[in-house]
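A.B. asks: Okay, handing you the structure first.
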Amino acid sequence: MAAQETVEHKYVYDFAEGNKDLKDLLGGKGANLAEMTNLGLPVPPGFTITTEACKAYLNTGQEPDGLADQIAAHLESLERGMGRKLGDPDDPLLVSVRSGAKFSMPGMMETVLNVGLNDRSVVGLSAQAGGNDRFAWDSYRRLIQMFGKTVCEVPGEEFEHALDDAKRAKGTKNDLDLDADDLRGLVDAYKKIFAKHTGREFPQEPREQLDLAIRAVFESWNAERAVVYRRQERIPADLGTAVNVVAMVFGNLGSDSGTGVAFTRDPGSGAQGIYGDYLANAQGEDVVAGIRNTVPLQELEQLDKKSYDELLSYMARLEEHYKDLCDIEFTIERGKLWMLQTRVGKRTAAAAFVIAGQLVDEGLIDLDEALHRVNGAQLAQLMFPRFKLDHDFEPVAKGIGASPGAAVGKVVFTSARAVELAAEGEAVILVRRETNPDDLNGMIAAKGILTSRGGKTSHAAVVARGMGKTCVSGADELDVNIPAKKFTVAGQTVNEGDVVSIDGTTGKVYLGEVPVMPSEVVQYFEGSLDPEHIDNPLVRAVHRIMTHADAKRRLRVRTNADTGADAARARRFGAEGIGLCRTEHMFLGDRRELVERLILANTDAEREASLDALLPLQREDFIEIFREMDGLPVTVRLIDPPLHEFLPPLEQLAVNVAVAQERGEDVAKEEALLAAVRRMHEENPMLGLRGVRLGLVIPGLFAMQVRAIAEAAVAVTRAGGSACPEIMVPLVGAVQELETVRAEAEKVIAEVVGDSGVEVLIGTMIEVPRAALTAGQIAEAAQFFSFGTNDLTQMGWGFSRDDVEGAFFWRYLELGIFGISPFESIDREGVGRLVRIAAEEGRAARPDLKLGVCGEHGGDPDSVHFFHEVGLDYVSCSPFRVPVARLEAGRAVLETTGSDSR
Ligand code: PEP
Ligand code: MG
């Protein structure tokens, strides 16, 4: 114990000591700088202060014991290696102090360059740069500016104004026209600004500059914008940032210097080649600020062939090493190339698939790894229609791609107008500053939603995603004026009725109508593209990875479909059965009248007559579906929603009756209808007379459906086909409910099936919490369970599924009560626990119990992994999500077998 206490905690790592797998400790930037150093690439020397040190500082408000000494030791070794001392008056070493967390948070945290410059070393720097006074004073003024702003919270505009004043005095608009004397004057002005705001002189002591800059980087972890960004990107708040202290190299020392970024493949399409930008005689911040235009990286070949060739060889080396697309930042200082950063690069969904396929071809990764590197969210993105942007469409604004898709329509500014125009058959885009629950009807009516404020979890974003509607949020270049029914952007005014196009994947906004094209990936799934004979690299990669996912997965994937057409489409998408055929739509349209008669029946004979009329219609419905599914299992759910949904709305009926009475018309029939609607009216229909409760209350209703299913199966079989019906009872909470329905159903089935060879399974939904908790009993009467996670979430949380997402989920997301709607992705701890209990207890009571899920979660990537883990046999989801579920079911196997190699 005593020995342990004397061992000092290691807070500082030389680049030569780290490696790429230490991201938790060294942050992404530090870990990768270490990796490049160890590969022998030319990285400017330096060291990394760990995230542990940052966390210790943030917890206690002071640097942990030992940190200062460790920094001193590493600085000394850096100085030795460079042959220069930090801030030395004659030949100064300068360093940059850069943040670098585990996950990239672009622009969210701080950087201070040129640390070590002061009134004396600025002269030494000039000498080092061959008497380049201008460069030295420019570097010094940049230090005071960055240090003032970042470390001491001096308002940045004050420096900007002083710079503008200097340029005005010189009669120029260009920084490069300021000479050494002008910049020396600017340094004086900056120092005065610094002193005015901080009450002290600009620190001349290099080590003090370094320590304060490090502290500022620690503190920037908790800056408001960083906190907001983390919340949006779901990055944990307690990771802390590492700090990299790196010897400065300069890209702004003349035309033989410069700076750039490079990608080893195109992060947009995945195509192989050289992608990047270069800016001669500049520092990285100039590139970001867009002061001058960069040139394509290829042009570096003409400017500096030696550095170009060297860079290309390092790029190849890095790709081979990381076995993935890398992005790189580099600087050339007087013809010497320096690698400043690398990381596995971000990419579009299409590039993710294409690159994974290419890397398999190149033998760098295997198919398991390729499958691991793509995901269902990316695949879903590739299934949306896209804008065809081959010519002349420039976005006028860019917001947050909050809900994917490509939407084109006339601009409207109010929910009411959206509803009005949509009712006239117009496609509309609802434009608001931000949305609130009052906008719901307009959002439903619109093709797309565009807001000038709010992020990925704003009301607009959450609700639009829930509806599967295209949404761009937070397009803050838009100046939206609701009363005037217009917005302005990029100097143009857009009035109500003008057409705009919005891309919910990229967040880009276009004026006018951009043509939309269908997704090639959907065409492939639908069978109109043959993957073996097409030279579309994306389709080929999707085909290959999907085939592998199918070979890997244990979970079967079924679909929710209740028409022959949906069933056929889902089969093309790879569905292996129907997991939920909701029968209620079969009671709509011209069958409404029969249902109305059934509900209003006063005698057994009247009721039976309606049921007899419905029977052949239902039989035909099922025959069509069984034919399409051709021997694959089809789970048919007996009718679920409250019957009053099939009757006219109470208010409207009451008014009609009153008006007719007033006119002295014969209203006996309408009065009877009104009385029935009143009788059946429920305050809380979701918790009322629906599901199994209906079957127990209305004699013959379920029996009619069971008969139709069994007769359809027999008819298909007798015609030489094959049918595997599974009858599912909804909303069961107690085994006695199921037993009662089951006894009746078995009698009907025995009568119908005879010696046809048709086998009909009977099972239940598990969607009431009580059913999950008594699953052991219920399994005695059920051959299968299908989890209805929509209702299970509704009743588990007590959230009305039709109301809450629009009403207050945005606030819950903002507060972090949950990171994603529990209706979208299964709440593993709560609702998921009910699923787990029911699966375990159900299987304990009946080992061959078939288990599936048919709530919306069946097509959600994270939920699919959960259902795999819990041991379900299948997931069932809407036809469009079937490929996503197949892919994720394959990935879930990799996760549980631990082939997660990254
Ligand atoms: C469910 O509740 O999850 C379910 C699939 O049934 P429905 O959505 O029809 O209520
Ligand atoms: Mg349900």
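The values are calculated or read from the model by the stated rules, or taken from the named source; none is laboratory data. Here the structure is a predicted model, which means the values were calculated and not measured. We place every Cβ from the backbone using ideal geometry, glycine too, and count neighbours over all the protein chains shown. Quick note on the areas: whole protein, heavy atoms, side chains included, nothing else; ligands and nucleic acids left out. Shrake-Rupley method; radii C 1.70, N 1.55, O 1.52, S 1.80 Å.
A.B. asks: Could you please find all residues in the stretch 712-737 being without any contact (Cβ under 8 Å) to a residue 60 or more places away in the chain, among the hydrophobic types (A, V, I, L, M, F, W, C) and within 16 Å of ligand 1 (Cβ to nearest atom)? Give the derivation first.
C.D. replies: Pass one, the stretch 712-737, residues without any contact (Cβ under 8 Å) to a residue 60 or more places away in the chain: 714, 717-720, 732-737.
This time we only want the ones that are among the hydrophobic types (A, V, I, L, M, F, W, C), so: 714, 719, 732, 734-735.
Of everything in the stretch 712-737, just one residue is without any contact (Cβ under 8 Å) to a residue 60 or more places away in the chain, among the hydrophobic types (A, V, I, L, M, F, W, C) and within 16 Å of ligand 1 (Cβ to nearest atom), namely VAL732.
A.B. asks: Okay, moving on. Filter the stretch 678-706 down to the residues that are open to solvent by 40 Å² or more (accessible area, probe 1.4 Å), farther than 27 Å from VAL804 by Cα and in a helix (DSSP H, G or I) and list them by number.
C.D. replies: ARG679, LEU696, VAL697
A.B. asks: Would you check which residues across the stretch 769-788 are within 14 Å of ligand 2 (Cβ to nearest atom), small (Gly, Ala, Ser) and part of a helix (DSSP H, G or I) and list them?
C.D. replies: Passing the criteria: ALA771, ALA772.
A.B. asks: Hey, can you tell me all the residues within the stretch 769-811 that are within 11 Å of ligand 1 (Cβ to nearest atom), open to solvent by 20 Å² or more (accessible area, probe 1.4 Å) and aliphatic (A, V, I, L, M)?
C.D. replies: Scanning the stretch 769-811 gives a single hit, MET795.
A.B. asks: Another question, then. Given (1) surrounded by fewer than 24 Cβ atoms within 10 Å (Cβ to Cβ); (2) within 13 Å of ligand 1 (Cβ to nearest atom), where does VAL760 come up short, assuming only one miss?
C.D. replies: Here VAL760 clears every test but (2).
A.B. asks: Something else: Find all pairs meeting these conditions: Cβ atoms under 7 angstrom apart; at least six residues apart or on different chains; first residue within the stretch 838-855 and modelled with pLDDT of 95 or more; second residue β-branched (Val, Ile, Thr) and within 16 Å of ligand 2 (Cβ to nearest atom).
C.D. replies: Pairs that qualify, where the first residue is modelled with pLDDT of 95 or more and the partner is β-branched (Val, Ile, Thr) and within 16 Å of ligand 2 (Cβ to nearest atom), are ALA838/ILE766; GLY852/VAL875; VAL853/THR789; VAL853/VAL875.
A.B. asks: Mind telling me which of the residues ILE826, ILE820 ends up being among the β-branched types (Val, Ile, Thr) and more than 16 Å from ligand 2 (Cβ to nearest atom)?
C.D. replies: So the residue among ILE826, ILE820 that is among the β-branched types (Val, Ile, Thr) and more than 16 Å from ligand 2 (Cβ to nearest atom) is ILE820.
A.B. asks: Somewhere in the stretch 468-478, is a residue buried (at least 16 other Cβ atoms within 10 Å of the Cβ), in a strand (DSSP E or B) and aliphatic (A, V, I, L, M)?
C.D. replies: Yes, the stretch 468-478 has at least one match.
A.B. asks: Under the condition of being β-branched (Val, Ile, Thr) and under 14 Å from PRO883 (Cα atoms), which residue from the stretch 538-574 is nearest to ligand 2 (Cβ to nearest atom)?
C.D. replies: The first filter runs over the stretch 538-574 and keeps only residues β-branched (Val, Ile, Thr), leaving 539, 542, 545, 547, 557, 559, 563.
Remaining after also requiring under 14 Å from PRO883 (Cα atoms): 539, 542, 545, 547, 557, 559.
Details: VAL539: 37, VAL542: 33, ILE545: 33, THR547: 34, VAL557: 20, THR559: 17 Å.
Per the criteria, the residue is THR559.
A.B. asks: Quick one: is VAL123 modelled with pLDDT of 95 or more, of a type in the set (A, V, I, L, M, F, W, C), out of contact with any His (no Cβ under 8 Å at 6 or more places or on another chain) and open to solvent by 10 Å² or more (accessible area, probe 1.4 Å)? Step through it out loud before you land on a result.
C.D. replies: Values: modelled with pLDDT of 95 or more: yes; of a type in the set (A, V, I, L, M, F, W, C): yes; out of contact with any His (no Cβ under 8 Å at 6 or more places or on another chain): yes; open to solvent by 10 Å² or more (accessible area, probe 1.4 Å): yes.
Yes; evaluated as a whole, the condition is true for this residue.
A.B. asks: When you go through ASP211, ASP256 one by one, which is the residue that is more than 27 Å from SER77 (Cβ to Cβ) and surrounded by fewer than 21 Cβ atoms within 10 Å (Cβ to Cβ)?
C.D. replies: ASP256
A.B. asks: With the requirement that a residue be at pLDDT 90 or above, within 30 Å of ARG134 (Cβ to Cβ) and open to solvent by 20 Å² or more (accessible area, probe 1.4 Å), what does the stretch 263-286 give you?
C.D. replies: ALA280
A.B. asks: Go through the stretch 622-677 residue by residue and tally those that are of a type in the set (Val, Ile, Thr) and open to solvent by 30 Å² or more (accessible area, probe 1.4 Å).
C.D. replies: Within the stretch 622-677, residues that are of a type in the set (Val, Ile, Thr) and open to solvent by 30 Å² or more (accessible area, probe 1.4 Å) number 2.
A.B. asks: Here are the criteria: (1) over 15 Å from LEU638 (Cα atoms); (2) touching a residue at least 40 places away in the same chain (Cβ under 8 Å); (3) more than 16 Å from ligand 1 (Cβ to nearest atom). Tell me which single one ILE709 does not satisfy.
C.D. replies: The one condition ILE709 does not meet is (1).
A.B. asks: Please state which one of ALA247, ALA223 is on the phi < 0 side of the Ramachandran plot, modelled with pLDDT of 95 or more and open to solvent by less than 60 Å² (accessible area, probe 1.4 Å).
C.D. replies: Every option except ALA247 fails the conditions.
A.B. asks: It is to be established whether one or more residues within the stretch 860-877 are within 16 Å of ligand 2 (Cβ to nearest atom), outside any helix (DSSP H, G or I) and at pLDDT below 95.
C.D. replies: yes
A.B. asks: What's the number of the condition LEU614 fails, among (1) surrounded by 19 or more Cβ atoms within 10 Å (Cβ to Cβ); (2) under 30 Å from HIS857 (Cβ atoms); (3) not charged (D, E, K, R)?
C.D. replies: Failed condition: (2).
A.B. asks: It is to be established whether one or more residues within the stretch 402-417 are outside any strand (DSSP E or B), within 27 Å of GLN378 (Cα to Cα) and either in contact with a helix residue (DSSP H, G or I) (Cβ under 7 Å, 6 or more places away or on another chain) or open to solvent by 50 Å² or more (accessible area, probe 1.4 Å) (or both).
C.D. replies: There is at least one residue in the stretch 402-417 that is outside any strand (DSSP E or B), within 27 Å of GLN378 (Cα to Cα) and either in contact with a helix residue (DSSP H, G or I) (Cβ under 7 Å, 6 or more places away or on another chain) or open to solvent by 50 Å² or more (accessible area, probe 1.4 Å) (or both).
A.B. asks: Checking the conditions here, which among ARG607, ARG591, ARG554 is open to solvent by 50 Å² or more (accessible area, probe 1.4 Å) and more than 16 Å from ligand 1 (Cβ to nearest atom)?
C.D. replies: ARG554
A.B. asks: Restricting to the stretch 418-451, and then to whatever is in a helix (DSSP H, G or I) and touching a Lys or Arg at 6+ places or on another chain (Cβ under 9 Å), can you tell me which residue is most open to solvent (accessible area, probe 1.4 Å)?
C.D. replies: ILE444
A.B. asks: Let me ask something else. Open to solvent by less than 20 Å² (accessible area, probe 1.4 Å) and of a type in the set (Lys, Arg): which single residue out of ARG141, ARG168, ARG134 fits that description? I'd like the intermediate steps shown before the answer.
C.D. replies: On the way: ARG168 fails: open to solvent by less than 20 Å² (accessible area, probe 1.4 Å); ARG134 fails: open to solvent by less than 20 Å² (accessible area, probe 1.4 Å).
One residue alone meets the criteria, ARG141.
A.B. asks: Being more than 24 Å from the chain's Cα centre (by Cα), surrounded by fewer than 24 Cβ atoms within 10 Å (Cβ to Cβ) and within 15 Å of ligand 1 (Cβ to nearest atom) is the filter here, so list the residues in the stretch 839-871 that pass it.
C.D. replies: Matches in the stretch 839-871: LEU851 only.
A.B. asks: Could you identify the single residue in ASP791, ASP755, ASP802 that is outside any strand (DSSP E or B), acidic (Asp, Glu) and either more than 16 Å from ligand 2 (Cβ to nearest atom) or without any contact (Cβ under 8 Å) to a residue 40 or more places away in the chain (or both)?
C.D. replies: Details: ASP791 fails: either more than 16 Å from ligand 2 (Cβ to nearest atom) or without any contact (Cβ under 8 Å) to a residue 40 or more places away in the chain (or both); ASP802 fails: either more than 16 Å from ligand 2 (Cβ to nearest atom) or without any contact (Cβ under 8 Å) to a residue 40 or more places away in the chain (or both).
It is ASP755.
A.B. asks: Any chance the stretch 660-677 includes a residue that's basic (Lys, Arg), over 28 Å from GLY796 (Cβ atoms) and assigned to a loop (DSSP other than H, G, I, E, B)?
C.D. replies: Checked the stretch 660-677: at least one residue is basic (Lys, Arg), over 28 Å from GLY796 (Cβ atoms) and assigned to a loop (DSSP other than H, G, I, E, B).
A.B. asks: Answer with yes or no whether PHE147 is surrounded by 14 or more Cβ atoms within 10 Å (Cβ to Cβ) and more than 21 Å from LEU212 (Cβ to Cβ).
C.D. replies: Here the answer is no, as PHE147 does not meet what is asked.
A.B. asks: Check the stretch 188-202 and report whether any residue there is open to solvent by less than 50 Å² (accessible area, probe 1.4 Å), in a helix (DSSP H, G or I) and touching a residue at least 60 places away in the same chain (Cβ under 8 Å).
C.D. replies: So the first thing to find is which residues in the stretch 188-202 are open to solvent by less than 50 Å² (accessible area, probe 1.4 Å), and the list is 189-191, 193-195, 198, 202.
Cutting the leftovers down to in a helix (DSSP H, G or I) gives us 189-191, 193-195, 198.
Next, from what is left, pick out any that are touching a residue at least 60 places away in the same chain (Cβ under 8 Å): none.
No.
A.B. asks: Where in the stretch 316-382 are there helices (runs of 4 or more DSSP H), lying wholly inside it, with at least 1 residues that are open to solvent by less than 50 Å² (accessible area, probe 1.4 Å) and modelled with pLDDT under 95?
C.D. replies: It comes to 349-361, 376-382.
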